Amino acid sequence: MLDCVQVVSDYLGRSVGLDDDDRHWVGVAVRESVINAIKHGNRNDASKHVHVDFETSANGVPQISIRVRDEGDGFDPNEIADPLAPENLLKASGRGIFLIRNFMDHVLVQRAPEGGMEVRMTKRAQSLGDSDADKSSHSA
């Protein structure tokens, strides 16, 4: 699944005009979100799914938006530990959401209406490029 999500992310990022660096960091954010959904959200339960939706928009500022949703029990996103706090600096995990927030322009972590948790993230292209492409949606 990770390879498929990476290919879709790269393709759509290129289609909205993201540069190589931005496409790389969007890919890292998407992969991290999917891994978190599998490992922490679904607790590696093979009977549960991870849903990934991509949306691009070239109206106004070109951007890519991604929604990653698990089917787990959920958690309070306000209780995510600060990875920069002294007591967390040496921990081997706990930086995923922090990194995603640094790579993307907008990130929202919340309970999904369908159940589980979702991460919604958006990355805007740096330059305007062509604006005649219509808004489109894609799922992986």
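General remarks:
- Residues in the stretch 97-111 carry Karplus couplings, in order, of 5, 4, 5, 4, 5, 7, 7, 9, 7, 9, 9, 10, 10, 7, 5 Hz; the curve used is 6.51 cos²θ - 1.76 cosθ + 1.60 with θ = phi - 60°, and Gly or Pro positions show x.
- Between helix 20-36 and the chain there is an angle of about 30 degrees, using the helix long axis and the longest principal axis of the Cα atoms.
- Correct option for Cα Rg over 2.2 N^0.38 Å [calculated from the coordinates] among (i) 1.37; (ii) 1.07; (iii) 1.16: (ii)
- Choice from ARG31, ARG43, ARG120 showing the highest fluctuation, given a GNM over the chain with Cα pairs closer than 10 Å: ARG43
- In terms of packing, defined here as the mean over residues of other Cβ atoms within 10 angstrom, the peptides 33-39, 62-68, 82-88 line up highest first as 62-68, 33-39, 82-88.
- Length added when fully stretched, LYS91-ASP73, from 0.36 nm per residue minus Cα-Cα: 4.1 nm
- For the chain, modelled as a GNM whose springs connect Cα atoms under 10 angstrom apart, the maximal fluctuation among VAL119, VAL50, VAL61 occurs at VAL61.
A short reminder: the numbers here are calculations on the coordinates, not readings from a lab. These numbers come from a predicted model, not from an experiment. Here Cβ is always computed from backbone atoms with ideal geometry, including for glycine, and neighbour counts include all displayed protein chains.
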